[in-house]
Amino acid sequence: QLQLVESGGGLVQPGGSLRLSCTASGDTFNYYTKAWFRQTPGKEREGVSCIDSIGGKTNYADSVEGRFTISSDVANNTMYLQMNSLTPEDTGVYYCAASGLCPRRVAVSYYKYWGPGIQVTVSA
């Protein structure tokens, strides 16, 4: 079974950048459609971005469009989320996920495999 783990989170100032990584094991990651989600306590987990297993199609939430970039690295069995121009509203626990769909709007129910999550805090 596929296992996922996130890394690269932490504290960053508003306007700054951060790159999250999601490393897979147990299966070949490039076989799977992949996504990033985030969650704040008391709120529903929301889709941030996704990337198709083939074709490289990507989608982004309106709130991050133009600021975040999702990518994958087959050789390292890893996907990334490059986050630029960060604001305090980007604060939350970020999760990577796999084996779902990549429509315009990404939903939790589409995904089977999840990492444990990693904290991102945007604050001065």
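Details
- Percent of alpha-carbon pairs separated by more than 21 Å within segment 12-104: 28 percent
- For Leu86, the residues 5 or more places off, or on other chains, whose built amide H falls under 5 Å of its own are Gly15, Gly16.
- Charge context of Gln39, other residues only, Cβ under 14 angstrom, K/R +1, D/E -1: -2
- Note on segment 48-97: Cα-Cα pairs beyond 12 Å make up 67% of the total pair count.
- Cα-centre dipole for the chain with unit charges at Cβ (Lys and Arg positive, Asp and Glu negative), debye to 20: 120 debye
- Taking Lys and Arg as +1 and Asp and Glu as -1, the other residues whose beta-carbon sits under 13 Å from that of Leu101 total +4.
- Heavy-atom accessible area per residue - segment 1-123, 1.4 Å, Å²: 51 Å²
- Distance from segment 82-105 to segment 1-39 (C-alpha centre basis), Å: 9 Å
The values are calculated or read from the model by the stated rules, or taken from the named source; none is laboratory data. Not measured: the values here are computed from a predicted model. Heads up, the Cβs are rebuilt from the backbone with ideal geometry, glycines too, and the neighbour counts pull from every protein chain shown. Each accessible area value is taken on the protein alone, full model and side chains, heavy atoms only, with ligands, DNA and RNA left out. Shrake-Rupley method; radii C 1.70, N 1.55, O 1.52, S 1.80 Å.
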